[in-house]
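The structure appears below as C-alpha cells.
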Amino acid sequence: MPSRPQVVAFDVVQTLMSLESMRERLSVAGLPGSILERWFDRILRDGMALTLAGDYVRFPVLAASGLRTLASGDISDDAVEHVMAGFAEAHEQPDAESAMRMLAGAGISLVCLTNGPADSTQDFLTRTTLDRFVDEVISVEDVRLWKPAGEVYAHALRRLGRPAEEVAMVAVHAWDCHGARRAGLTTGWAGRLETHFPEIFEKPDVMGEDLIEVARGLLALPAP
C-alpha cells in the first residue's frame, strides 16, 4: 500500500515544460508544426534505443539529429539552431505551478528527474520561477542512461538519500511511471498528454487528468 511521499520527483519535458511554442519555430525552419509530437517521440525512442545498446547521447544532440532525419537531411544548420533555441524560451505547463505549490505547501520536497541536461533544466526553472519550489535537479547525464532505465531511478534515490517508498515520480508519460514503479517508487500519472494509460504498463498509484489532480491524490495517500 503506497503512502504519502516525503519527496516528489517531477519529469520535466512535457510534464512541467510545454513544447507548444516550438511549432512556429518548426514552421520557420521549413517543417510542418504538426511534426512536433513525432519529433519528440523520435528523441525519446533514439535515447532509449541507445541506452539498450549500451551507448549514450545527450538530449540536445538527439534533438538536432531528429530534426535532420525528419527533414530527410534537407535543413540548414541555421534552421536547426533556430528550432533548438526554442527550448530556451519554452513556457511552463498551465497546471505546473499550482500542483507544485500545493505539494511544497504541504511540506513535501520537490525535485526534477529529467532526460534533459541539468543546466538547461535549471535555466527553465529559473526563467519560469518554478525554481522556488525545486530543491534539486537530477539529470540522466549523471549515469549516461535514459529513463526508464532502472539505474536512473536508483541514482536519484542515492542522490536524495531516501528509500524508494518515500519518493514519488510524477509524469505525463506512462513509460516513465512504469520505470519508476518497477524501481519501487510511488507513481503519479497525469493524463493530459496521453489521455489513456496503456494496459501494458504497471498501473500508477495515483492518476488524474492533470498535475493538480495528481498532487491532490498524492496528498490523500495515508501517512507512512
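Data table
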| quantity | calculated |
| --- | --- |
| Extension gain, residue 197 back to residue 175 (0.36 nm per residue minus Cα-Cα distance, nm) | 7.0 nm |
| Calculated log₁₀ intensity ratio I(q)/I(0) where the Debye formula runs over C-alpha points of the chain, q = 0.07, 0.11, 0.15, 0.19 Å⁻¹ | -0.21, -0.52, -0.96, -1.50 |
| Descending Cα extents along the principal axes, the stretch 22-89, whole Å | 36, 22, 19 |
| Calculated diffusion of the stretch 132-224, Stokes-Einstein form, Kirkwood radius summed over Cα pairs, 25 °C and 0.890 mPa s, µm²/s | 180 |
| Residue-count net charge about residue 4 - beta-carbon cut-off 11 Å; Lys, Arg +1, Asp, Glu -1 | -3 |
| Footprinting exposure proxy for 56, 153 (fewest neighbouring C-beta atoms within 10 Å first) | 56, 153 |
| Computed [θ] at 222 nm, deg cm²/dmol, the chain (DSSP H ≥ 4; -39,500 (n - 2.57); rounded to nearest 500) | -12500 deg cm²/dmol |
| Residue-count net charge about residue 96 - beta-carbon cut-off 15 Å; Lys, Arg +1, Asp, Glu -1 | -4 |
| The stretch 111-156, relative contact order [Cα under 8 Å, separation at least 6], % | 43 |
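All of the numbers you see were taken from the coordinates with simple rules; none came from a lab. Just so it is clear, the structure is predicted and the values come from calculations on it, not from any experiment. Positions of Cβ are generated from backbone atoms using ideal geometry, with glycine treated the same way; all protein chains shown enter the neighbour counts.
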